[in-house]
Amino acid sequence: MISVIIPIYNEKDSIDPLQRDIERVMKGLEQEYEILFVDDGSTDGSTELIREKETSSPAIRAIFFRKNFGKSATLNAGFQASRGEIIFTMDGDLQDDPEEIPRFLAKLDEGYDLVTGWKVKRKDPLEKRLPSKLFNAITSRMSGLNLRDYNCGFKCYRREVIKEIRLYGELHRFIPSWPTRRVSGWRRSR
Ligand code: UDP
Ligand code: MG
């Protein structure tokens, strides 16, 4: 089974299209899957929408935080609740395209334990892109990994790998630099 963990903080309008896209891809692959929404204290109606989905579809599960704890906390909770042998994380704002899922899986098949996305055409303002460039350069220097984009929310793991990861604070930004793993940089298109 594949688990897809999606942190949600006020993403009401994205939830439906994202779910539909993921389901289409998984059906195409004839792959058993679960979508695990982790609601990080949303206040825009995302919570109610996810509750509705959780009760109407067996492939959808959800975790609800009473207040906003940040993305690392959502991923940590998602990892612990997930049941799949393969685990994806994706952002819930439609910046990650589920059509890329088969390409991540192909990389895992080559023997990698963790495959990480890469925002090729970044749709964010300069004040986000500049610090991000600096962060990637410094983290590459310190970890010796040399990835273009540590911080991309679109990632894929074998279950053995997530057993070793405990996330809090801003630690989700450093996941690819965890030691002793083979990491493959992959691009995402949206
Ligand atoms: N997110 C979250 N808690 C937060 C902030 C963001 O769960 O406190 C979720 C958000 O809903 C989205 C993902 O984390 O699904 C990435 O957030 P964002 O788009 O703000 O990050 P960026 O694209 O700038 O890395
Ligand atoms: Mg985003």
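What follows draws every value from the coordinates through simple rules; no lab data is involved. Worth saying up front: this structure is predicted, and the values here are computed from it rather than measured. All Cβ positions, glycine included, derive from the backbone under ideal geometry; neighbour counts span all protein chains shown.
Worth a mention:
- Ellipsoid semi-axes in whole angstrom, largest first, where each is sqrt(5λ) of the Cα gyration tensor of the chain: 25, 19, 16
- Once the chain from Lys163 to Phe69 is taken as fully extended at 0.36 nm per residue, the excess over their C-alpha distance is 31.7 nm.
- Value at 222 nm in deg cm²/dmol, rounded to 500, when DSSP H runs of n ≥ 4 in the chain each add -39,500 (n - 2.57): -11500 deg cm²/dmol
- Taking other Cβ atoms within 10 Å as a rough exposure proxy, Lys67, Lys12, Lys163 sort from fewest to most as Lys67, Lys163, Lys12.
- Computed as a quarter of the hull surface, the mean projected area of the alpha carbon convex hull for region 85-141 stands at 5.2 nm².
- Cα shape, region 20-99, gyration tensor, a/c 1.5 rule: prolate
- Between Glu85 and Glu110, the modelled label-to-label distance comes to 2.1 nm, taking each label 7 Å out from Cα in the direction of the beta carbon.
- Local electrostatic count at Thr47 - Lys and Arg +1, Asp and Glu -1, tallied over other residues with Cβ under 13 Å: -2
- For Ser143 and Arg103, the difference between the fully extended length at 0.36 nm per residue and the C-alpha to C-alpha distance is 11.9 nm.
- Length released on extending from Arg129 to Arg20, taking residue separation times 0.36 nm less the Cα-Cα span: 36.3 nm
- Eligible lysines near Lys119 by straight Cα distance, threshold 25 Å, same-chain separation 8 or greater: Lys12, Lys71, Lys107, Lys128, Lys133, Lys155
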